[in-house]
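The values are calculated or read from the model by the stated rules, or taken from the named source; none is laboratory data. None of the values given here were measured: they were computed from a predicted structure. Cβ placement follows ideal geometry from the backbone for every residue including glycine, while neighbour counts extend to all protein chains displayed. Please note that ligands, DNA and RNA were not included when accessible areas were found on the heavy atoms of the full protein model with its side chains. Shrake-Rupley method; radii C 1.70, N 1.55, O 1.52, S 1.80 Å.
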Amino acid sequence: MKAAKFDYIQAGSVDEVVDALAKGDGEAIIIAGGQTLMPMLSMRLARPETVIDINRIPELSGIAVDGDEVVIKACTRQATALASAEIQRHLPLLAKAIAYVGHQQTRNRGTIGGSLSHADPASEIPLTALTMDARVRLRSVAGIREVAMADYFLGPMMTARADNEILLSVHFPLPPTGSRTGTAFHEVSERRGDFAVVAAAALIVLDGNGVCSRVALGIGGADGVPKRITGLEDKLRGGKIDPDAIQAAMGEVAATLAPGSDQHAGADYRRRVAGKLAERALIDALTDALLEAENE
Amino acid sequence: MSKRNISVTINGSVYTRQVEPRLSLSDFLRGEQNLHGTHIGCEHGVCGACSILLDGVPIRACLMLAVQADGQELTTVEGLSQDDGTPGLLQDAFQDAHGMQCGYCTPGMLISAQALLADNNDPSLDEIKDAIGGNLCRCTGYVQIIEAIQLAATRLREAG
């Protein structure tokens, strides 16, 4: 359980990172918090020639509200995000999700960008970013591009980010003003802090008349990538939303997912848990939105 | 693949060493510094036995490279004792409440408990469980570990 030899670059700037990635030609890898990469190195599942450390690049850390979005820089620690008043206030769904991510020891090192880059199909931060229609900013020597979460996840631990690109930041849109937003996050795992067997994230936006103007339901752990249940969203959007309407749309969940079986859970179990967690998350998100309306 | 110079503060003293980039921080502490209090259980971030404090917050030493600790301040379980080497308040409480069985997970438990009590000297049962949630005790001796942390918290409050 010792990593193979590699060269180590402690990068001082993003320029330096993209140059090293270009030079590495697919054999260079970025280390941020290391909470996924270190085990991969130790088990020699990853044997890069060069490891590029981005932990000391100031421009890669921070959380800011910028116009109609919240921008989280890639190397922001999960613990920092969890404790952030800006995130509690503007992105409550993300705050709820991060509470399920690992343990204090891993959240103190693990980063938001690292979770998004590794893209484990059961991990909470990618699921939340997908559910909230976030997008990531990527940079290589060729320049900067942005990718929407809908186009980002290609397969288990595979994303649209190329080997020569660094993930700079993730951009979460703020809900429109004058609306009431409710969110909920639920998961089933073997122990608190473990990877989810299945996780569900829900977001419901009600307009001034109580009509559901936006609904998003994301399920993690029940397919090769985190999935939006768009069929259900289409049924619920634009009408009055209540527990009966949610119940009536639930069939879409199982129909959308193709879960696998492994030592943690079978496919049937995952499908059933996904349905139950989806229902619970949507009803809690609705309650949350209505509560916000009462408090106005 | 050349070695790197690092300078790290460990339990209050500064050490300058040359390390291979691939060396984990846990192997550095045990192999280069002879600080065998930091235990290595799983070596891939699951068990928590190698927990240490990095600039005051708990982390897993097996999930960090020694080179990454350059310029930073570490506290290992050895750093929890008093200056004369006798057990500190938390370690005494673990002994008095018998907060261990085989003792393998104990250094990690102590580090997690230390981080908890530094912020909160009156933690609830749930807060204690959450703080040690990332530390596995395969003897399953959790009840007495929790009682030891509660005893330490009581003593901290009494000491004001």
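Could you work out the local net charge near B:Asp70, counting Lys and Arg as +1, Asp and Glu as -1, over the other residues with Cβ closer than 12 Å to its Cβ?
Charge balance near B:Asp70 sits at +1.
Hey, what do the phi angles of the range A:238-255 turn into as Karplus ³J(HN,Hα) couplings, whole Hz, using 6.51/-1.76/1.60 and θ = phi - 60°, x for Gly and Pro?
Computed from phi, the couplings for the range A:238-255 are x, x, 6, 10, 8, x, 5, 5, 5, 3, 5, 9, 5, x, 5, 5, 4, 5 Hz.
Pairing the Cα long axis of helix A:14-24 with the longest principal axis of chain A, what angle in degrees results, from 0 to 90 and rounded to the nearest 10?
Taking the Cα atoms of chain A, the angle to A:14-24 is about 70 degrees.
Quickly estimate the mean residue ellipticity at 222 nm for chain B, helices only: each DSSP H run with n ≥ 4 gives -39500 (n - 2.57), and the total goes over all residues, rounded to 500.
Calculated from helices alone, the mean residue ellipticity at 222 nm is -9000 deg cm²/dmol.
Suppose we take every Cα in chain A and form the convex hull; what volume per residue is that in Å³?
Cα-based convex hull of chain A, divided per residue, equals 126 Å³.
To make sure I understand the rule: partners must be lysines, Cα under 27 Å from the Cα of A:Lys73, and not fewer than 8 residues away in the same chain. Which ones qualify?
A:Lys23, A:Lys96, A:Lys227
So if I place +1 on the C-beta of Lys and Arg and -1 on the C-beta of Asp and Glu, and nothing else carries charge, what would the dipole magnitude of the range A:168-296 be about its Cα centre? I want it in debye, nearest 20.
That gives a dipole near 260 debye.
Report the label-to-label distance for B:Glu127 and B:Arg155 in nanometres (one decimal), using points 7 Å from each Cα along the Cα→Cβ vector.
It works out to 1.9 nm between the two label points.
Using a 1.4 Å probe and ignoring any ligands, DNA or RNA, find the accessible area of A:Glu146 and quote it in Å² to the nearest 10.
80 Å²
What distance in nm separates the two pseudo spin-label positions at A:Glu146 and A:Asp163, each 7 Å out from Cα along the beta-carbon direction?
About 2.9 nm separates the two model spin labels.
Using a Förster distance of 60 angstrom, determine the FRET efficiency expected from the C-beta separation of A:Ala255 and B:Ser81, and round it to 0.05.
FRET efficiency, A:Ala255 to B:Ser81: 0.50.
Along the charge dipole of chain B, pointing to its positive end and built from +1/-1 on Cβ of Lys, Arg, Asp and Glu, which listed residue (B:Pro123, B:Val8, B:Val57) has its Cα farthest out?
The one lying farthest along the dipole's positive direction is B:Val8.
To the nearest 10 degrees, how steeply does helix A:267-295 sit against the main Cα axis of chain A, on a 0 to 90 scale?
Approximately 70 degrees, to the nearest 10.
With +1 on the Cβ of every Lys and Arg and -1 on the Cβ of every Asp and Glu, and nothing else charged, how large is the dipole of the range A:7-52 about its Cα centre, in debye rounded to the nearest 20?
Value, rounded to 20: 280 debye.
Under the rule of at least 5 residues apart or a separate chain, name every residue whose amide H is placed under 5 Å from the amide H of A:Val70.
Counting only residues 5 or more places away or on other chains, the set is A:Phe172, A:Leu174.
How large is ³J(HN,Hα), in whole Hz, for each residue of the range A:183-197 in order, when computed from phi with the Karplus curve 6.51 cos²θ - 1.76 cosθ + 1.60 and θ = phi - 60°, using x for Gly and Pro?
Each residue of the range A:183-197 in turn: 9, 7, 9, 9, 8, 10, 9, 5, 9, 3, x, 6, 4, 5, 6 Hz.
Just read off the accessible area of A:Thr177 with the full protein assembly in place, 1.4 Å probe, to the nearest 10 Å².
Accessible surface of A:Thr177 is approximately 140 Å².
Could you tally the net charge around A:Ala160, taking each other residue with its Cβ under 10 Å from the Cβ of A:Ala160, Lys/Arg +1 and Asp/Glu -1?
Details: positive: A:Arg145, A:Arg161; negative: A:Asp151, A:Glu165.
Residues close to A:Ala160 contribute a combined charge of 0.
Mind jotting down a quarter of the surface of the convex hull over the alpha carbons of the range A:180-295, in square nanometres, one decimal?
7.0 nm²
Add -39500 (n - 2.57) for each DSSP H run of 4 or more in chain A, then divide by its residues: what number comes out at 222 nm, to the nearest 500 deg cm²/dmol?
-10000 deg cm²/dmol
Where does the range A:7-52 land on Rg(C-alpha)/(2.2 N^0.38 Å)? Don't skip to the end; give the middle numbers.
Numbers: Rg = 10.5 Å, N = 46, 2.2 N^0.38 = 9.4 Å.
My calculation over the Cα atoms of the range A:7-52 gives 1.11.
So for the range A:180-295, taking the charge dipole from beta-carbon charges (+1 Lys/Arg, -1 Asp/Glu), which of A:Leu203, A:Leu232, A:Phe185 sits furthest toward the positive end?
It is A:Leu232, whose Cα lies furthest towards the positive end.
With a 1.4 Å probe and all protein chains kept in place, how much accessible area does A:Phe195 have, in Å² rounded to the nearest 10?
Ignoring ligands and nucleic acids, A:Phe195 comes out at about 120 Å².
Give, as a single signed number, the net charge of other residues whose beta carbon lies under 10 Å from the beta carbon of A:Val70, with Lys and Arg counted +1 and Asp and Glu -1.
That works out to -3.
Let me check something: with ligands and nucleic acids excluded, how do A:Val141, A:Val253 order by accessible area (1.4 Å probe), largest to smallest?
I get A:Val141, A:Val253, largest accessible area first.
Keeping every protein chain in place, order B:Thr140, B:Thr76 by accessible area at 1.4 Å, biggest value first, i.e. largest first.
Working: B:Thr140 95, B:Thr76 0 Å².
Result, largest first: B:Thr140, B:Thr76.
What are the ³J(HN,Hα) values, in whole Hz, obtained from phi via the Karplus relation 6.51 cos²θ - 1.76 cosθ + 1.60 with θ = phi - 60°, for each residue of the range B:15-26 in sequence order, with x given for Gly and Pro?
So the J values, rounded to whole Hz, are 10, 10, 9, 10, 10, 6, x, 7, 6, 6, 5, 5.
About its Cα centre, what dipole magnitude does the protein assembly as shown give when the only charges are +1 on Lys and Arg Cβ and -1 on Asp and Glu Cβ, stated in debye to the nearest 20?
Using only the charged Cβ atoms, the result is roughly 860 debye.
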